[in-house]
1. Could you tell me what percent of the accessible area of the chain is made up of carbon and sulfur, with a 1.4 Å probe and every protein chain present?
2. Keeping all protein chains in place, calculate the accessible area per residue for the range 270-321 (probe 1.4 angstrom), answer in Å².
3. Straight-line reach only, C-alpha to C-alpha below 14 angstrom: list the aspartates and glutamates that residue 202 could link to, leaving out same-chain residues fewer than 8 apart.
4. How far is it, in nm, from the label point at residue 232 to the one at residue 40 when both lie 7 Å from their Cα along the line to the Cβ?
5. Tell me whether the chain comes out rounded, prolate or oblate; compute the Cα gyration tensor, take square roots of the eigenvalues as a ≥ b ≥ c, and use a/c under 1.5 as the rounded threshold.
6. Using only DSSP helix segments of four residues or longer, with each worth -39500 (n - 2.57), what per-residue ellipticity at 222 nm results for the chain after dividing by its residue count and rounding to 500?
7. Would you mind getting the accessible area per residue of the range 16-162, heavy atoms of the protein chains only, 1.4 Å probe, in Å²?
8. Take residue 199 and residue 110, extend 7 Å from each Cα along the Cα→Cβ direction, and tell me the distance between the two endpoints in nm.
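The values are calculated or read from the model by the stated rules, or taken from the named source; none is laboratory data. Fair warning: this is a prediction, and the values are worked out from it, not measured in the lab. Every residue, glycine among them, receives a Cβ derived from its backbone with ideal geometry; neighbour counts consider all protein chains shown. Surface areas here come from the heavy atoms of the whole protein model, side chains and all, with no ligands, DNA or RNA. Shrake-Rupley method; radii C 1.70, N 1.55, O 1.52, S 1.80 Å.
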Amino acid sequence: MTLRNNPRIEMPSSLERSSSQVSISPSDTAIANYGGRDLQLNRGVALNLDWVDAVRVNTSAVERRAQTIGTRRTVKKEWQAAWLLRAISSMDLTTLSGDDTDERVRRLCAKARQPIQQELVEKLGIESLNIKVAAVCVYHTFVETARRAIEGSGIHVAAVSTGFPAGLSPFEERVAEIRRSVEAGADEIDVVITRALVFGAKWQALYDEIAAFKNACGPAHLKVILGTGDLLTLRNVARASMVAMMAGADFIKTSTGKEPTNATLPVSLVMTRAIREYAQETGMAVGFKPAGGIRTAKQSLDWLALMKEELGDSWLKSELFRFGASGMLADIERQLEHHATGRYSAEYRHPIA
């Protein structure tokens with residue numbers, strides 16, 4: 001039961017570099033591989049309106065395919081436990097409540113460092129894996145608190161921005177909020193698009209908005225929240241996904257978690273196939289983050305199966321896949337405890353924060 005780490009590229013010492021030229025091939029800098037082709041980080045491309053207008057979605061076919069995701073692939077016993085550990089390592093542990101406090105964020109960060117109780121880790125025999133979540137996601141106010149609490153752990157700090165969750169504050173304020181979060185130490189910024197631009201098919205305006213957010217992020221990764229529950233049609237979801245990727249998004253994300261309808265398998269299927277088409281056309285990889293409504297260990301397996309079947313193993317690592325679903329961590333712990341002991345524990349024994 002192992003989680004493979006990314007291969008490390010050993011660079012020569014400064015003395016060796018001075019005596020010989022070091023050439024870096026595309027495979028050295030690749031973040032993913034699809035169909036035998038190495039893919040690079042997304043740098044964005046010029047807006048191609050012909051490509052956007054040509055997008056079509058067969059809704060009934062998407063829904064039929066989505067219904068098969070949980071039935072075509074079954075994992076049991078130690079293989080299921082390994083997939084659940086993968087789900088934890090791809091999680092953005094999140095608190096986005098109006099009553100958040102510094103102490104709650106610190107407790108969340110402690111859980112992020114050790115998402116599985118030590119006793120259970122020992123029973124599973126996975127001490128050497130050092131399982132931890134990929135990131136903690138908080139409001140801008142708590143970025144510095146989170147950064148200090150996870151310092152040295154390798155866990156990223158993600159901040160929701162741009163007037164989250166509505167995304168309707170003045171444009172200059174949204175851009176300034178991104179810059180302040182990056183200055184405070186955020187590694188990743190989750191931004192909200194203006195949904196009205198999608199409804200009006202104002203693709204140039206949407207592209208320019210996201211490109212400005214990307215520029216404001218500087219070294220931080222940009223995760224673009226489409227708010228799919230508000231976009232009404234799967235075609236709107238696909239077209240908005242394409243524009244976001246063209247504008248330079250590092251990830252496309254389904255939802256804020258605050259909409260009446262959040263992540264669903266049909267929406268996720270449309271977005272992952274947009275990612276696949278973009279990769280085939282540009283040679284660049286974009287990550288995917290379903291958020292909201294994913295609450296059980298079984299659901300996490302469905303989404304991991306979707307990523308493996310539609311995009312391949314490269315999208316089963318946290319660099320290209322995240323769960324915005326803190327609520328499912330307790331259920332994953334309960335399933336892992338059942339695997340180790342044959343018994344289910346009470347959910348209250350696995351608090352998030």
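1. Using a 1.4 Å probe with all protein chains present, the chain comes out at 48 percent carbon and sulfur.
2. On the way: 1460 Å² over 52 residues.
With the other protein chains kept in place, the range 270-321 gives 28 Å² per residue.
3. Answer for residue 202, where 14 Å is the Cα cut-off: 50, 53, listed by chain and number.
4. 3.9 nm
5. rounded
6. After summing the helix terms and dividing by the residues of the chain, the value is -13500 deg cm²/dmol.
7. Accessible area per residue: 54 Å².
8. In this crude spin-label approximation the distance works out to 4.5 nm.
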